[in-house]
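For reference, the structure is listed below as structure tokens.
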Amino acid sequence: MKIHNDIQQQARHWLVVLHSGQASAQQWQQFKAWLQQDSRHQQSYRDAELLWRQSTYTETVAEQVATLPTSTPKRRQALWWLAACVALLALLLPFVPTPPEKQMFSTARGQIQTFRLEDGSSLTLGGDSMAEVSLSKHARQVVLKKGDGVFDVAPDPQRPFVVAVRHNQIRVLGTLFDVQQTGERVQVSVAHGRVEVSQNNQTQLLTDNQAVVLAPQGISAVTALGAGQFANWRQHRFNFEDSTLQDVISVINRYGKVNLKLSHPSLATQRLTAAFRLDQLEQMLDALQLSHNIHWHQDPQGVIWLSI
């Protein structure tokens, strides 16, 4: 409580100094540095400016102005007149911008969880996933730091909903879409609505039941989603098309209860196409042995090793 009161006192002090007519260039620099020290400083200064709008606060400011050193009684009288006009002048002063509060949402390995956002949207994260959400009066921003996410966005034309993932940006007004990260590839699928996907200077518009893959080399052609293909990871069902073995086992390890490891680094770049449910993992590994001659065994600690 004492720290909070000290910050409020500091905010009132800066409010008086900066508009007393005595502030030097050095004091302005000190004020900027004070603002950047702590987000609470910005909020307290903003609160002080709000109080300035109330005439009852003018007297308090006037009392503080009177404590400032002045060179002559005439100068002090001028400052009293300044304090009397503070409420009117405050209408012309810009507010110190307060950055939107960030919320971090995450899931553990094998966990799928839905989070409700303050704007009415919802975010479903896949296993071992993380997203940073910032909601303000003018924008809604999400950074999908890792893993997969399904976004059910509440319509709000005044506040576009923007998802950043790797070097890509997804912009929507209201829709249901899925973002999956597999290695360096990001797949964006739309169940309904309109989504604008951007990468560097490329932009692609997606509508109902459409998807694209964002890769380092650019945005793929738009493909149609088949029945039951939207965000099927929520049911622990996975589809891989021409993916590396390393990418496949990375996804399985995020959702499964066992660890898959490669016995040799050369296996990492082996490419395969596969579709399976997580509870069919052993059948998938058996098929992998037949199709790619990649063998598997489970050690006493439960780790599944893949080898040639």
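The values are calculated or read from the model by the stated rules, or taken from the named source; none is laboratory data. What you see is a predicted model; the values in this text were computed from it and never measured. Neighbour counts are summed over all protein chains in view; Cβ atoms, including those assigned to glycine, are modelled from backbone coordinates with ideal geometry.
The table below gives the values:
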| quantity | calculated |
| --- | --- |
| Close pairs (7 angstrom Cβ cut-off, 6 or more residues apart or separate chains): free of Cβ contacts under 8 Å to residues at least 40 places away in the same chain in segment 282-296, assigned to a helix (DSSP H, G or I) anywhere | H295/Q289; W296/L285; W296/Q289 |
| Flag for K257 being among the basic types (K, R), outside the structural domain of V143 (by TED's automatic domain parsing) and either modelled with pLDDT of 95 or more or in a strand (DSSP E or B) (or both) | no |
| Some residue of segment 203-212 being buried (at least 20 other Cβ atoms within 10 Å of the Cβ) and under 19 Å from the mean Cα position of the chain (by Cα) | no |
| Residues located in segment 213-241, provided they are in a helix (DSSP H, G or I) and touching a residue at least 60 places away in the same chain (Cβ under 8 Å) | W233, R234 |
| Some residue of segment 279-297 being at pLDDT 90 or above, surrounded by 14 or more Cβ atoms within 10 Å (Cβ to Cβ), out of contact with any Pro (no Cβ under 9 Å at 6 or more places or on another chain) and β-branched (V, I, T) | yes |
| Strands (runs of 3 or more DSSP E) contained entirely in segment 157-212, each with at least 3 residues that are touching a residue at least 40 places away in the same chain (Cβ under 8 Å) and not basic (K, R) | 176-182 |
| Selection count, segment 112-156, where residues are without any contact (Cβ under 8 Å) to a residue 12 or more places away in the chain and among the polar types (S, T, N, Q) | 1 |
